[in-house]
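Novice: The structure's right below; bear with me while I get my questions together.
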Amino acid sequence: MHVSLDQIVRGVNDLPALPHVVDQVLKLTEDPNSTVKELNDIICQDQALTAKVLRLANSAYYGYPRRIGTIVEAIVILGFNAIRNLVLAASVHNLLNKEVPGYQLGPGELWRHSIACAMTARTLARRVRYPKPDEAFIAGLLHDIGKVILSVYVSDTYDEIFQKVRQFQIPFSQAEEEILGFTHAVVGARVADKWNLPESLVQAIAYHHNPQLAKENPRLVAIVHLADVLCMTMGIGLGGDGMYYSVVPQAFAALGLKPEDLESIMGELGDLFIDQNAFLPTV
Ligand SMILES: [Fe+2]
Ligand SMILES: [Fe+2]
């Protein structure tokens with residue numbers, strides 16, 4: 001017997017809300033009148049979060065040569081946008097770092113895929129002059145969050161889905177749609193909605209496998225889609241879901257890119273991912 005979307009939505013409701021601190025950080029970093037002190041005071045209320053943010057800030061991910069010892073230093077050196085990303089990444093780390101057995105993702109693999117996709121999305125955003133590269137980072141980070149929820153349910157039907165993937169050589173999300181009636185992308189969008197994230201992020205998550213269907217902000221959706229396919233092409237966090245995905249032609253068109261551009265983009269990313277462990281600390 002297959003699970004219904006209603007049952008899944010209940011699973012989404014059981015998911016913890018984003019910590020209050022994260023909500024406040026998102027608001028403060030959007031407000032040009034906020035001060036370093038205000039931001040510091042909010043983050044430091046949560047010691048575990050503070051420790052994770054500092055570990056991420058000191059990973060090779062930011063490539064900052066000197067040790068960042070306090071949140072104030074991190075804010076001043078890296079800036080408000082970077083701090084927002086670090087706080088959000090730190091707060092979803094536990095959720096994404098778990099094993100996701102329904103998708104054959106071992107411990108840490110979804111996190112690796114998510115952070116790589118976030119960095120790829122930000123790189124692409126800069127390349128195509130999308131005005132908010134940080135928004136692209138967050139969309140990339142959260143695009144597969146629905147897998148965490150769906151994994152519990154997909155485990156039962158995994159064999160059936162996977163058989164369909166193999167037999168018809170279709171993407172996993174298409175097999176999900178055909179067998180379950182919905183995909184991890186739809187479930188992920190529900191999570192983003194529950195977390196009160198902006199509609200552009202909800203859409204980017206909902207349509208990351210079908211960017212041509214996005215009603216809002218098609219460029220952001222195309223960036224996340226392309227970043228996801230690139231990360232899968234590079235073999236980062238594949239699991240059972242990594243086969244038979246390709247770039248939807250409309251995504252190239254939305255970004256003004258050509259398939260030939262991918263080679264140089266992947267070259268740039270190769271430099272970024274040269275030492276994966278360095279920017280993926282176990283926080
Ligand atoms: Fe996905
Ligand atoms: Fe993905």
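The values are calculated or read from the model by the stated rules, or taken from the named source; none is laboratory data. On a predicted model such as this, the values are computed, not experimentally measured, just so you know. Quick reminder, even Gly has a Cβ in these numbers, built from the backbone with ideal geometry, and neighbours come from all protein chains shown. The area values use the complete protein model at the heavy-atom level, side chains included, leaving out ligands, DNA and RNA. Shrake-Rupley method; radii C 1.70, N 1.55, O 1.52, S 1.80 Å.
Novice: Starting from the exponent 0.38 and prefactor 2.2 Å, build the expected Rg for the chain from its residue count and divide its actual Cα Rg by it.
Specialist: 0.98
Novice: What net charge is computed for the residues neighbouring residue 255, neighbours being all others with C-beta under 13 Å from the C-beta of residue 255, Lys and Arg scored +1, Asp and Glu -1?
Specialist: +4
Novice: Under a Cβ-Cβ cut-off of 10 Å, what is the net charge of the residues other than residue 12 that fall near it, where Lys and Arg count +1 and Asp and Glu count -1?
Specialist: Spelling it out: positives minus negatives among the neighbours equals +1.
Novice: Additional query: If you take every residue apart from residue 25 with its C-beta less than 12 Å away from the C-beta of residue 25, what net charge results, scoring Lys and Arg +1 and Asp and Glu -1?
Specialist: Its environment carries a net charge of -4.
Novice: Quote to one decimal, in nm, the extra length available between residue 266 and residue 64 on full extension: 0.36 nm per residue of separation minus the C-alpha distance between them.
Specialist: Gain on extension, residue 266 to residue 64, equals 70.4 nm.
Novice: Suppose we look only past 21 Å in the calculated P(r) of the range 51-192. What percent of the Cα-Cα pairs does that tail hold?
Specialist: When every Cα pair of the range 51-192 is considered, 50 percent fall beyond 21 Å.
Novice: Follow-up question, since we're still on this one. Cα axis of helix 109-127 to longest principal axis of the chain: angle in degrees, 0 to 90, nearest 10?
Specialist: 70
Novice: Calculate the spin-label point distance for residue 27 paired with residue 212, positioning each point 7 Å from the Cα along the beta-carbon direction, and give it in nanometres.
Specialist: Inter-label distance under the simple model: 4.2 nm.
Novice: Continuing with the same structure: Roughly how tilted is helix 5-14, in degrees to the nearest 10 and between 0 and 90, from the longest Cα axis of the chain?
Specialist: In the chain, helix 5-14 runs at an angle near 20 degrees to the longest axis.
Novice: Taking only protein heavy atoms into account and a 1.4 Å probe, give the accessible area per residue of the chain in Å².
Specialist: 45
Novice: Taking H placed 1.01 Å from N in the peptide plane, check which residues at least 5 places from residue 105 or on another chain put their amide H under 5 Å from its amide H.
Specialist: Those lying under 5 Å, H to H, from residue 105 are 100, 240.
Novice: If I compute solvent accessible area with a 1.4 Å probe over the protein chains, what percent of it on the chain is carbon and sulfur?
Specialist: 50
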